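Right, one structure below, let's go through it.
What follows is calculated from the coordinates using simple rules that are stated; it is not laboratory data. Note that the structure is predicted; figures quoted are calculated from it, not measured. Here the Cβ is made from the backbone with ideal geometry for all residues, glycine too, and neighbour counts use every protein chain on show.
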Amino acid sequence: MMTKEINPETQNGCDLIIYKKYKLINKSNFKHNTTVKRAFTLLELLVVIAILGMLAAFVVPAVVGKKDESQRKITCTQMASIENTLENFKMDNSAYPDSEEGLEALVSNPDPDKYPQYARTPYYKKLPKDAWGTPFVYIKKGDGFQIISYAGDRKEGGTGGDEDIIYPGCEGK
């Protein structure tokens, strides 16, 4: 079945050829700019902002308080490591270092006459610091010891997140 060609018609300066019923094809080089611009409406943007706001309301409080808690746990873990090193020191030398010698006794032998069995290599190359970058405080108490971190405020005492961390005793915190 052949379709009958009809002479071209002109519409808006364009040459057109009609094929079959109502099907028009543009034959000329003239192009119409018919770009469709799509954008978000103000209402759509407000809905997205409201959803993000609700998500932030749930997530932010859960994350904000965790930094202090994690720093305290890290510090307690470091203190447990120091305790193990002090136990090694005691096994070698039959006693913990004195308070005056402090944890520095783990880096170098403070008194070769007092500690003749001191390890050939130091127990630490460099003393660890707490999670806030502050050196630990060591106090010998009879046959035991305490290790103290002054926490975030870096001074004795404190409340809340700045409360001092004392080892032994911080395992459960």
Debye equation applied to the C-alpha atoms of the stretch 66-167, log10 I(q)/I(0) at 0.23 Å⁻¹: -1.19
Over the stretch 88-134, equivalent-ellipsoid semi-axes from the Cα gyration tensor in Å: 20, 11, 9
Per-residue Cβ neighbour rank within 10 angstrom, fewest leading, Glu163, Glu69: Glu69, Glu163
For the stretch 133-173, alpha-carbon Rg and Dmax in angstrom: 10.6, 31
Contour minus Cα-Cα distance for Trp132 and Ser94 (0.36 nm per residue): 10.4 nm
